[in-house]
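Worksheet: the structure to be examined is printed underneath.
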Amino acid sequence: MAMSASILTRSGLADLPSGRPRRLLVFTEGLQPDDLTLRAFDLVRHLHAYGHWYARVISASEGPMRAEFEVASVVVQVVDNPHDAALVARQVWWAQQDAVLAFGAARIWTESLAKQHGLPFITEVASDRHGFDLYAAADRRAELRQRLALGDGERLALAFATEGKDEASLNGLLRAVHNALTEARLADWHLGLVGAEGTVTLHAPSGATTTFSPTTDRVARSAWVSAADAVLDLHRHGTGFRPLLDAAALAVPIVADPTPELASLLPAPLVAPAELASPTDAADALIDLVLNPAASARRVASAHVYAMTHRNPARQLPAWVHAIESAVKGASAAPAVR
């Protein structure tokens with residue numbers, strides 16, 4: 001589902017006389033695959049596709065999203081001690097930049113620096129941080145299932161970790177779900193965890209566990225959704241909703257706890273309910289997907305329509321670009337401060 005530059009509309013900001021793209025410094029608090037960093041990722045990819053901007057990402061800490069940005073030809077720099085303004089001022093190349101954009105808590109340590117260098121400062125451009133990945137690749141299902149050595153009739157349910165420290169506990173939950181399926185004598189699901197670094201740990205119906213590590217051909221997290229027959233929400237920290245929205249956009253069943261926060265993104269009737277971190281509930285929901293395919297198909301179809309209508313970044317990106325360019329236009333029109 002690639003996006004063409006024509007989706008992004010211009011705000012009327014004139015090109016620079018030199019013809020070069022404008023340069024945007026994008027500050028993030030970290031490089032973990034949480035929802036807000038993923039939205040920063042969406043924005044810089046689409047600004048590059050738009051053609052009138054070149055973005056450079058500055059982060060307060062290292063993380064696996066560095067590789068995702070770099071695959072998209074985005075330069076990433078991690079600064080030491082971001083709350084030391086003088087140190088950050090020396091580490092970041094401020095010359096010939098045209099604007100500064102900060103995501104989340106990064107605005108705390110960047111706004112004064114932007115003003116110090118006379119640059120327009122934009123924040124909260126992605127206040128609605130939740131949307132699916134516009135580049136999610138539904139056509140990679142066969143290829144990715146082959147990588148996992150899955151046959152056509154074998155079922156796969158995937159969960160997603162947002163930080164490495166979550167993976168041990170999430171794998172433990174998946175083993176508990178496997179045990180619950182075994183007790184119900186319906187242990188025909190492969191259960192997988194997509195790690196923050198891109199590994200996939202697969203728990204087979206037999207109980208065997210295999211880990212598939214990233215290769216030079218890195219697979220985007222959103223692409224793994226297309227390989228699944230269900231996506232499990234096992235998160236407790238509210239940072240892992242992106243795979244659920246990817247699943248809705250790709251018409252993959254979702255098993256999740258319909259918490260108020262999730263319900264604000266996907267209404268409760270659109271997901272198969274399962275109490276958060278309850279292996280028995282998750283197993284029962286997976287079993288129900290098999291035993292009641294018609295009800296599952298209705299939920300999936302409704303979730304897909306909802307995601308495409310309300311959580312489609314193609315509808316948000318023009319507003320984001322307009323906000324950035326309006327800030328630059330406003331700054332250039334304002335009288336110089338002496």
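Within the range 143-157, is even one residue touching a residue at least 12 places away in the same chain (Cβ under 8 Å), surrounded by 14 or more Cβ atoms within 10 Å (Cβ to Cβ) and either of a type in the set (Phe, Trp, Tyr) or within 30 Å of SER61 (Cα to Cα) (or both)?
No: the range 143-157 contains no residue that is touching a residue at least 12 places away in the same chain (Cβ under 8 Å), surrounded by 14 or more Cβ atoms within 10 Å (Cβ to Cβ) and either of a type in the set (Phe, Trp, Tyr) or within 30 Å of SER61 (Cα to Cα) (or both).
Filter the range 164-194 for residues that are in a helix (DSSP H, G or I) and small (Gly, Ala, Ser); which is nearest to the chain's Cα centre (by Cα)?
Per the stated criteria, the residue is GLY164.
Yes/no matrix, rows are residues, columns are (1) out of contact with any Ser or Thr (no Cβ under 6 Å at 6 or more places or on another chain); (2) among the basic types (Lys, Arg); (3) under 21 Å from ARG140 (Cα atoms); (4) part of a loop (DSSP other than H, G, I, E, B):
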{"position": "VAL252", "(1), (2), (3), (4)": "yes, no, yes, yes"}
{"position": "PRO258", "(1), (2), (3), (4)": "yes, no, no, yes"}
{"position": "LEU262", "(1), (2), (3), (4)": "yes, no, no, no"}
{"position": "PRO269", "(1), (2), (3), (4)": "yes, no, no, no"}
{"position": "LEU276", "(1), (2), (3), (4)": "yes, no, no, yes"}
{"position": "ALA285", "(1), (2), (3), (4)": "yes, no, no, no"}
{"position": "ALA294", "(1), (2), (3), (4)": "yes, no, no, no"}
{"position": "ARG299", "(1), (2), (3), (4)": "yes, yes, no, no"}
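May I ask you to list pairs of residues, at least six apart or on different chains, whose Cβ atoms are under 7 Å apart, with the first in the range 53-76 being at positive phi and open to solvent by 50 Å² or more (accessible area, probe 1.4 Å) and the second being outside any loop (DSSP other than H, G, I, E, B) and among the β-branched types (Val, Ile, Thr)?
Hits for this filter: zero, empty list.
List every residue pair whose Cβ atoms sit under 8 Å apart, with the two residues 6 or more apart in sequence or on different chains, where the first one lies in the range 84-108 and is over 11 Å from ALA60 (Cβ atoms) and without any contact (Cβ under 8 Å) to a residue 24 or more places away in the chain and the second, anywhere, is acidic (Asp, Glu) and surrounded by fewer than 13 Cβ atoms within 10 Å (Cβ to Cβ).
LEU87/ASP80; GLN91/ASP80
If you go through the range 195-229 one residue at a time, how many are part of a loop (DSSP other than H, G, I, E, B), β-branched (Val, Ile, Thr) and surrounded by 14 or more Cβ atoms within 10 Å (Cβ to Cβ)?
2
Given the conditions (1) open to solvent by less than 30 Å² (accessible area, probe 1.4 Å); (2) at pLDDT 90 or above; (3) not in a helix (DSSP H, G or I), report the number of the one that VAL125 does not fulfil.
(2)
The values are calculated or read from the model by the stated rules, or taken from the named source; none is laboratory data. Computed from a predicted structure; not experimentally measured. Positions of Cβ are backbone-derived with ideal geometry, glycine not excepted, and every protein chain shown enters the neighbour counts. Each accessible area value is taken on the protein alone, full model and side chains, heavy atoms only, with ligands, DNA and RNA left out. Shrake-Rupley method; radii C 1.70, N 1.55, O 1.52, S 1.80 Å.
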